[in-house]
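K.L.:
Dropping a structure here in structure tokens format, bear with me for questions.
Read the figures in this text as sums done on the coordinates, not as results from a lab. Bear in mind that the values here come from a model prediction, so they are computed numbers and not experimental data. Cβ sites come from the backbone with ideal geometry, for glycine too, and all protein chains shown count toward neighbours.
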Amino acid sequence: MSPSGDQQTTDADGADALGVSEVAGPSSSVLLRHRARFLNPATALPGRDHRRPDSTAYRADTLLVPLRLATDPERIAEFNAALAPLGAELVVRLPATERWQAAVAAFDPGYAVPVLLRCLEDSLADATPDPWRVLVRLRRKFDDELLDGIGLEHLTHAAAVEMEGAPFGSGVPFGSGVPFGSGVPFGSGVPFGSGVGGGGVAMATGARNPVRVFLPEPHRTADPTTLPSGRRPVVAVLDTGIGEHPWLRVGPVAEDPVVEVSPEFQLLLADLESTLTDATGGVMPTLVSPTEQRDVLQPLLGVTDSHSGHGTFVSGLVFQNCPDSRVLSLRVLHTDGITTDASVLLALEWLRQRVRNALDNGVTADLVDVVSVSLGFYPEHTDHQTGLLLAEAVRKLTDMGVVVVAAAGNDATTRPFVPAALALNPDGSNTTNPLLVAVGALNASGRTVAAFSNEGDWVTRWAPGNAVVSTVPLWQGPEGCGLSTPGDGNPRMARTSPDPDDLTTGFAVWAGTSFATPVVAGMLARRLVESEDATSDADRVARARTALEATDGDLRGLGWITD
């Protein structure tokens, strides 16, 4: 079992869901924790033309609805009239805080918000409405043009290999034993277990293993105005937040920090999350703080959660590859590595508004150059309608010269993982976006593809993402070491096997396309340092394309891209 307590893969009803698709579904504990369902293709209601969906996971009580529709009471009433035979209704409940009202006034009308799905008071239904059935009903009753942007609120997960299995479940696709579970590569017997090398002492366990680094902090130019670009390129990291680390100094932009955080964004996200809790108040706490948390899932035990430290690790990889960059850390992922595409969409729209305001008003300190997205989900369809929300959100950023770098996923499949796969869907429904970069993972040598990495025509770049070393918060968990004996010799210290959650070294080794992604993002930022700044949309797009071409040359020189 992983530290998050997630092992058995099931559907929303608790039935075994293994084998229903190329990618296993989330565990029952994940579904419960995030008020979610698993869409089983074998039993799901077919959509238009009797087409069955692929598997996916989604919030059990919401649909995503664009602002232009969510704020139109007459249109919502029209939808609810069509949903009445299902005993269901849409309930729009947007935040009423002043900061939300001020922010949303500048948001694009196509930005989608979660809208609650509830049973009618006089409904005779014996089960809560299923958002998928509701969506199918709407699509049968209304034209596609009217429904543009209405979709499921998908569960989105980090693209990091989880301890004892990733991303979900025991054994499938990477659970107990393969490739990072019990026994491989660091479990009992291999490489330091019984009879091999260490005489029965396991040297490490699973992923996110602490390591000691004897290297100086990467050199950072003291005065950013002396850089060829005249300023630091900004890499926005959508992740679990940022933790304490001596390399990653956090502070206001005026103090030229390595990492910038945005209390404004976190409060907006918390406002939105607080309107969508269920009758019991929900399960996961809101992400109101920009700081990473360690033991949310099992606070009484203090066990470090499976994806705690993920954002600090990603930020450290950006910093290692471009010390002269500034990381803008936006906390959207929970400590179990799960969020929803609604939170991701809010972050992308907030970034769009920030860049737009910076360009229109000459506030260069607020510009963003690269977005690193080490997360995603498998959609139920690979069509334009399903990918519309994320595709449009990404394109609005890339049209302003912001490069979006996204992880390809860790399930050894060619099945599209979005937003990365929106660069080029197999059916061509989303036309190629040259400034959307989908990154697959190589092994540490850079000469072979990591066994867990997804691939396909939509994966456009590759970088090492297996057994990479980066920064983690300075934490000490309670798990302890597997072996400990008194120190009777010289030195007089206890003799132990490694403590898997002693992260006080500040560094760890981890694996996943999650970590190949910030490598490419950092390399791209390093090229942007060398180019003159640009302040118009067209010039920024040209600048971004030139930097990406130079980065591709760097990747080819390292042998990480082969034509």
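K.L.:
As a test of understanding, state the convex hull volume per residue of region 326-465 from its alpha carbons, in Å³.
P.N.:
Convex hull volume per residue, Cα atoms: 118 Å³.
K.L.:
Full-extension gain between Thr43 and Asn80, please, as 0.36 nm times their residue separation minus the C-alpha to C-alpha distance.
P.N.:
10.8 nm
K.L.:
Still on this structure, please answer the following. Would you mind pulling out the separation of the Cα centroids of region 69-133 and region 289-324, in Å?
P.N.:
Each part's Cα centre sits 34 Å from the other's.
K.L.:
In percent, what relative contact order does region 25-94 have, based on Cα pairs under 8 Å that are 6 or more apart in sequence?
P.N.:
23
K.L.:
A further question on this structure: Taking 51 Å as R0, compute the FRET efficiency from the Cβ-Cβ separation of Thr364 and Thr414 and round it to 0.05.
P.N.:
0.80
K.L.:
What is the Å³ per residue value for the convex hull set by the Cα atoms of region 49-161?
P.N.:
Normalising the Cα hull of region 49-161 by residue number yields 156 Å³.
K.L.:
Which ³J(HN,Hα) values, rounded to whole Hz and listed in residue order, are derived for region 315-320 from phi using the Karplus coefficients 6.51, -1.76 and 1.60 in 6.51 cos²θ - 1.76 cosθ + 1.60 with θ = phi - 60°, glycine and proline given as x?
P.N.:
Values per residue, Gly and Pro as x: 4, x, 5, 4, 5, 5 Hz.
K.L.:
State the extension gain, in nm to one decimal, for the chain segment bounded by Cys481 and Leu301, taking 0.36 nm per residue of separation less the distance between their alpha-carbons. Walk me through the numbers before you get to the answer.
P.N.:
Numbers: separation 180, 0.36 × 180 = 64.80 nm, distance 1.57 nm.
Full extension of this stretch gives 63.2 nm more.
K.L.:
Assuming a ≥ b ≥ c are the square roots of the Cα gyration tensor eigenvalues, decide whether region 291-359 counts as rounded (a/c under 1.5), prolate (otherwise, with a/b larger than b/c) or oblate.
P.N.:
The shape class here is oblate.
K.L.:
Here's a follow-up. How many angstrom separate the Cα center of region 508-563 from the Cα center of region 325-348?
P.N.:
Comparing the Cα centres of region 508-563 and region 325-348, I get a distance of 21 Å.
K.L.:
In whole Å, what are the Cα extents of region 220-372 along the three principal axes, biggest one first?
P.N.:
For region 220-372, the Cα extents along the three principal axes come out at 53, 34, 21 Å.
K.L.:
Separate question: Decide, for region 349-419, between rounded, prolate and oblate: order the square roots of the alpha carbon gyration tensor eigenvalues as a ≥ b ≥ c, take rounded if a/c falls under 1.5, and otherwise choose prolate if a/b is larger than b/c, else oblate.
P.N.:
Here region 349-419 falls in the prolate category.
K.L.:
A further question on this structure: Quickly rank 220-228, 267-275 as a protection proxy: mean count of other C-beta atoms within 10 Å, highest first.
P.N.:
267-275, 220-228
K.L.:
Find the Rg to Rh ratio for region 40-101, where Rh is the Kirkwood radius over alpha-carbon pairs and Rg uses the same atoms.
P.N.:
Using only Cα positions, Rg/Rh for region 40-101 is 1.06.
K.L.:
Something else now. Per the Kirkwood formula on distinct C-alpha pairs, the Rh of region 216-267 is how many angstrom?
P.N.:
For region 216-267, the Kirkwood estimate is 12.7 Å.
K.L.:
Next question, about the same structure. I'm a student and want to see the number: the projected area of the Cα convex hull of region 520-563, averaged over all directions, in nm².
P.N.:
Numbers: hull surface 12.9 nm².
The orientation-averaged projected area of the Cα hull of region 520-563 comes to 3.2 nm².
K.L.:
In debye, nearest 20, what is the charge dipole magnitude of region 221-281 about its Cα centre with +1 on Lys and Arg Cβ and -1 on Asp and Glu Cβ, if you could check? Walk me through the numbers on the way to the answer.
P.N.:
Numbers: 3 positive and 10 negative charges, 63 e Å.
Computed about the Cα centre, the dipole is about 300 debye.
K.L.:
Any idea how far apart Ala127 and Asp143 come out in nm if each label point goes 7 Å out from Cα toward Cβ?
P.N.:
Distance between label points: 3.4 nm.
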